[in-house]
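Before any comments, here is the structure.
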Amino acid sequence: MIKNLIFDFGGILVNLDKDVCSRAFNAINAGEVARYVDYCIQEDLFHELEIGRISVPQFCDEVRKKAPLCKASDAEIVAAWASLLTGVPTHRLERLLDLKRRYRLFLLSNTNEIHWRLAEEEYFRQIEGKTVSDYFEDCCLSHKLGMIKPGKEIFLHLLDKNGINADETLFIDDSPKNCQGAESVGIHAFHSPNGEWEQTNCF
């Protein structure tokens, strides 16, 4: 019997637009970084930010190093990377509030300080009086934990920290590899590459 739901963030709750993000980096003469976005490359630059190994100012310095013609300020680089996120539709937030009446809800995401700050300050506050804690009992974030999906460690951390059983837990993600990571520790997984979780009646 499923008692707990774990949600991914990017592609499951928040909509993403890599074309907008790529154009934003090109606009600040960071075409080398735009190619990372175009081809969904997660190594080094974005990976280091998402696992918390570099700070936001260090990330901005690395962007300028990789793109020598880029003279953009830190704020302009942050805005370019933030443009990947296009928002969380209100109906998804309402669905979470409904599900929370029947399940314990958690969020588990490979994310970074730039994107998460935007989520906390804007997206999860769209319904008046609500903050992220109104939707999720706990948020396990790669950049804060130094762990990243699909590694087993981040899933085990969430289970252990919150005292929940893997066989009573369903994980929802748009990545097959991340779903496999969850299943490797006994968590049930629901692969939702195109928002299918919103229409399902299985929970």
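The values are calculated or read from the model by the stated rules, or taken from the named source; none is laboratory data. Everything numeric here is computed off the predicted structure, so don't read it as measured data. Backbone-built Cβ (ideal geometry, glycine too); neighbour counts: all protein chains shown. Surface accessibility is based on the protein's heavy atoms, side chains included, excluding ligands, DNA and RNA. Shrake-Rupley method; radii C 1.70, N 1.55, O 1.52, S 1.80 Å.
Checking each residue of the stretch 122-140 against the condition of being over 20 Å from Leu84 (Cα atoms) and in contact (Cβ under 8 Å) with a residue 40 or more places away in the chain gives at least one match. Filter the stretch 171-203 for residues that are within 14 Å of Ile12 (Cα to Cα) and aliphatic (A, V, I, L, M); which is surrounded by the most Cβ atoms within 10 Å (Cβ to Cβ)? If we take residues in the stretch 171-203 being within 14 Å of Ile12 (Cα to Cα) and aliphatic (A, V, I, L, M), then Ile172 is surrounded by the most Cβ atoms within 10 Å (Cβ to Cβ).
When we screen Thr86, Thr111, Thr90 for residues that are within 19 Å of Gly195 (Cβ to Cβ) and open to solvent by 70 Å² or more (accessible area, probe 1.4 Å), the only hit is Thr86.
Out of curiosity, is Ile164 touching a Ser or Thr at 6+ places or on another chain (Cβ under 8 Å), closer than 20 Å to Tyr103 by Cβ and of a type outside the set (S, T, N, Q)? Here the answer is no, as Ile164 does not meet what is asked.
For the stretch 138-159, the candidate set comprises residues that are open to solvent by less than 30 Å² (accessible area, probe 1.4 Å) and within 11 Å of the chain's Cα centre (by Cα); within that set, the residue that is nearest to Ile2 (Cα to Cα) is Cys140. Among residues of the stretch 110-137 being among the hydroxyl-bearing types (Ser, Thr, Tyr) and part of a helix (DSSP H, G or I), the one that is nearest to the chain's Cα centre (by Cα) is Tyr123.
Looking at the structure I just gave you, is Phe25 buried (at least 18 other Cβ atoms within 10 Å of the Cβ), more than 18 Å from the chain's Cα centre (by Cα) and either farther than 21 Å from Lys144 by Cα or in contact (Cβ under 8 Å) with a residue 24 or more places away in the chain (or both)? Walk me through it before giving the result.
Numbers: buried (at least 18 other Cβ atoms within 10 Å of the Cβ): yes; more than 18 Å from the chain's Cα centre (by Cα): yes; either farther than 21 Å from Lys144 by Cα or in contact (Cβ under 8 Å) with a residue 24 or more places away in the chain (or both): yes.
Judged against the criteria, Phe25 is a match.
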